[in-house]
2 protein chains.
Amino acid sequence: MREESYTVGRLAKKAGVNVETIRYYQRRGLLPIPASLPGSVRRYSVKYLERLRFIKRSQQLGFTLDEAAELMALSEGYGCSVACGVAERRLADVERKIADLAAIQQSLRRLVGRCHENPPETPCPLVDAIAN
Amino acid sequence: MREESYTVGRLAKKAGVNVETIRYYQRRGLLPIPASLPGSVRRYSVKYLERLRFIKRSQQLGFTLDEAAELMALSEGYGCSVACGVAERRLADVERKIADLAAIQQSLRRLVGRCHENPPETPCPLVDAIAN
DNA sequence: CTAAGGTTCGTACCCGGGTACGGAGTCAAG
DNA sequence: CTTGACTCCGTACCCGGGTACGAACCTTAG
């Protein structure tokens with residue numbers, strides 16, 4: 001019976017990330033570096049896999065790596081209101097970005113539309129609008 | 001009537017950008033570098049100001065610097081359909097980003113909501129949902 | 001025991017869009 | 001003619017999130 005512990009390569013495969021990504025997270029302080037008997041290969045327990053997955057899911061929710069680290073730190077303990085605050089700031093940011101993009105979308109749609117109505121061999125209304 | 005020409009600093013101020021930004025655009029090939037009599041200060045005509053403004057407005061519409069360059073190149077001539085294509089690709093990209101962000105927004109809203117209903121001294125539903 | 005392939009570590013590089021620094025040259029006012 | 005402000009140019013650095021490389025170890029199958 002083997003208590004499951006992985007080498008970086010196996011951990012990476014299991015988590016669906018690149019080995020280099022794991023090392024990057026370690027450098028960033030997001031993932032602890034397991035102690036190794038000197039001159040041997042490091043072993044990663046399931047804990048590391050869980051942490052990795054936590055980071056990946058945080059990213060899917062739009063959190064930055066620093067926020068992921070913060071949320072993980074809060075996961076031990078009752079930092080719910082703090083975690084919630086992080087999420088609310090992220091949400092506000094996401095909403096601001098959506099609004100910005102929506103404005104851009106509007107303008108682009110309008111310009112593309114005018115472009116399509118444009119008779120051939122006449123100046124491009126899109127380029128014109130930008131140049132003005 | 002004197003034709004106006006600027007030094008980089010004045011051009012930058014007029015366009016509301018940093019001097020370094022102008023140099024950066026020059027390195028990128030977005031803005032030509034005016035010839036100068038050797039060992040003297042370069043002079044920038046209103047053309048440069050117009051180009052700078054074109055770039056800035058392109059950016060406001062979500063175009064990358066490379067796309068801005070492409071659009072500028074097309075502004076001399078009848079490249080309307082090409083320009084339109086660039087804009088359509090940009091629009092598609094913007095719409096994809098909006099959709100991605102909207103999904104994130106949904107999830108975050110749900111999680112933040114659950115977080116607020118959470119009685120004190122119980123595990124955080126937000127953190128829980130990520131850790132799963 | 002040896003060879004192949006995995007791991008470790010440092011370091012450098014990628015993207016996009018700039019910002020910052022610093023020495024040397026130039027220009028204009030006093 | 002000097003002083004101070006501005007310009008020129010190369011180079012390095014910032015952010016975020018990684019990717020890539022290479023040399024030297026370690027491990028494991030045959």
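Miscellaneous remarks
- Test for B:Val86: is it touching a Leu at 6+ places or on another chain (Cβ under 6 Å) and more than 16 Å from DNA strand D (Cβ to nearest atom): no
- Qualifying positions in segment B:99-129 - among the charged types (D, E, K, R) and within 12 Å of A:Leu61 (Cα to Cα): B:Asp100, B:Arg109, B:Arg110
- The set of residues in segment B:7-30 that are more than 12 Å from DNA strand D (Cβ to nearest atom) and surrounded by 16 or more Cβ atoms within 10 Å (Cβ to Cβ) comprises B:Ala15, B:Val17, B:Tyr25, B:Leu30.
- Residue satisfying condition, being basic (Lys, Arg) and within 8 Å of chain B (Cβ to nearest Cβ), within set A:Arg43, A:Arg90: A:Arg90
- Residues that are more than 9 Å from every other protein chain (Cβ to nearest Cβ), out of contact with any Lys or Arg (no Cβ under 7 Å at 6 or more places or on another chain) and under 30 Å from B:Glu88 (Cα atoms) occur in segment A:54-71; there is at least one.
- Highlighted here are the helices (runs of 4 or more DSSP H) found entirely within segment A:43-132 that include at least 2 residues which are modelled with pLDDT of 95 or more and surrounded by 17 or more Cβ atoms within 10 Å (Cβ to Cβ): A:46-60, A:65-75, A:80-117.
- Residues in segment A:25-42 that are assigned to a loop (DSSP other than H, G, I, E, B) and under 16 Å from A:Gly9 (Cβ atoms) were compared, and the one that is nearest to the chain's Cα centre (by Cα) is A:Leu31.
- For the residues B:Val41, B:Val94, B:Val112, the requirement of being of a type outside the set (Lys, Arg) and either over 30 Å from A:Ala69 (Cα atoms) or free of Cβ contacts under 8 Å to residues at least 12 places away in the same chain (or both) singles out B:Val41.
The values are calculated or read from the model by the stated rules, or taken from the named source; none is laboratory data. The structure displayed is predicted, hence computed values, not measured ones. Because the Cβ atoms are built from the backbone with ideal geometry, glycine has one as well, and the counts that use them run over all protein chains shown.
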